[in-house]
Amino acid sequence: MHILLVEDDTSLAAALCKALRQKNYAVDAVTTGNEALHVIRTEKPDITILDLGLPDMDGIEVLKKARHYQPEIQILILTARSDIEEKIIGLDSGADDYLAKPFEVDELLARLRVLERRLGSAKTSLVAVGDVVLDTTTNMVSMSGQNVELSRREYSLLRSLMENVGRVKTRSVLENRLYSWGEEVSSNALEVHIHNLRKKLGSDFIKTVRGVGYRVNQL
């Protein structure tokens, strides 16, 4: 899951990036509205966490343009503006949720889980495909009732595929969900993760769509 954080408070941004990466999110941060719109146009993150008080343009303007560029993106407003009128303006301008500062990270994570469920076919925190069950709340995976130990990126990759069961996910889309900017990615990294998942979940669980990408079929 690829998250774009738009926050000009660098200390807060660093803390949030650390917390989100610990929860298996690929997260990138920018400090201005223009940078945010460029990323949204070119890289199409799944979720954008948007501060309204940006140095170069009002966050509401960024919100409206982001919604125009990418109608399906999930946008969570994160701001010190807690006035009810400001909240209504944000939601009416296209925000999917609104979180006022100060806030607890656990509340932010809970709201992100709700937004994630809107992106895929999953409707609850438990995503089941055959005997494999993935819990997005605890980040645990089990098969036939037995826990399966996965690395952070194996979990993120499996989650992206299972939440979009039956849909082909391209190599570039999957890599964007696994790696943040600046991380070195070897040419066969994705294939290694797929190989490891097949060893743990069965060779037929993840299908290769030659020349396109990968998918998990409903069993």
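None of the figures in this text is laboratory data; all of them are computed from the coordinates on show. Note that the coordinates shown come from a computational prediction; the quantities given were computed from them, not determined experimentally. Using ideal geometry, Cβ is built from the backbone for each residue, glycine included, and neighbour counts are taken over all protein chains shown.
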* How much length, in nm to one decimal, is gained on full extension between Asp9 and His68, taken as 0.36 nm per residue of separation minus their Cα-Cα distance? -> 18.6 nm
* Gyration tensor (alpha-carbon) shape descriptor, segment 125-211, a/c threshold 1.5 -> prolate
* Asked: In the structure displayed, which of Lys64/Lys207; Lys87/Lys169; Lys64/Lys101; Lys44/Lys87; Lys18/Lys200 lie more than 31 Å apart, Cα to Cα?
  -> Lys64/Lys207; Lys87/Lys169
* What are the principal axis extents of the Cα atoms in segment 2-119, in Å, biggest first? -> 32, 31, 28
* **Area projected by the alpha carbon convex hull of the chain, averaged over all directions, nm²** => 12.0 nm²
* Structure fact -> Given unit charges at Cβ for Lys, Arg (+) and Asp, Glu (-), the dipole magnitude of segment 2-119 about its Cα centre in debye, nearest 20, is 440 debye
* Asked: For labels at Val168 and Asn147 in the simple 7 Å Cα→Cβ model, what's the distance in nm?
  -> 3.7 nm
* Got a sec? How would Lys64, Lys199 order by Cβ neighbour count within 10 Å, fewest to most? -> Lys199, Lys64
* Within the chain, what's the longest run with no GluC sites (Glu not before Pro) in a DSSP loop and at most 12 other beta-carbon atoms within 10 Å? Give the range, please. => 1-71
* To do: Could you list the chymotrypsin sites (Phe, Trp or Tyr not before Pro) in segment 75-177 that lie in coil according to DSSP, counting only those with at most 12 other Cβ atoms within 10 Å of their Cβ?
  => Phe103
* Asked: Counting Lys and Arg as +1 and Asp and Glu as -1, each charge on the Cβ, what is the dipole of segment 126-216 about the Cα centre in debye, to the nearest 20?
  -> 300 debye
* Could you give me the ³J(HN,Hα) list for segment 39-52, computed from phi with Karplus coefficients 6.51, -1.76, 1.60 and θ = phi - 60°, whole Hz, x at Gly and Pro? -> 5, 5, 5, 9, 10, 6, x, 6, 9, 10, 9, 10, 7, 7
* Dipole-positive endmost among Gly211, Thr136, Asn188 within segment 126-216 (Cβ charges, Cα centre) -> Gly211
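For the chain, what is the mean residue ellipticity at 222 nm derived from helices alone (per DSSP H run of n ≥ 4: -39500 (n - 2.57); sum divided by total residues; nearest 500 deg cm²/dmol)?
On the way: 8 runs with 90 residues, N = 219.
Computed ellipticity for the chain at 222 nm equals -12500 deg cm²/dmol.
How long is the gain from Ile89 to Ala189 if the chain were fully straight, where each residue apart is worth 0.36 nm and the alpha carbon distance is subtracted? Show your work: numbers first, answer last.
On the way: separation 100, 0.36 × 100 = 36.00 nm, distance 4.33 nm.
So the extension gain works out to 31.7 nm.
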* Given charges at beta-carbon only (K, R positive; D, E negative), |dipole| of the chain in Debye -> 1180 debye
* To do: Estimate the FRET efficiency between Arg215 and Ala19 by the formula 1/(1 + (r/R0)^6), using the beta-carbon distance for r and 35 Å for R0, to the nearest 0.05.
  => 0.70
* To do: Sequence neighbours fewer than 8 away in the same chain don't count; with that in mind, list the aspartates and glutamates whose C-alpha is under 16 Å from Lys199.
  => Asp131, Glu149, Glu154, Glu191
* Asked: Out of Ala13, Ile40, Leu178, whose Cα points farthest toward the positive end of the dipole of the chain (charges: +1 Lys, Arg; -1 Asp, Glu; placed on Cβ)?
  -> Leu178
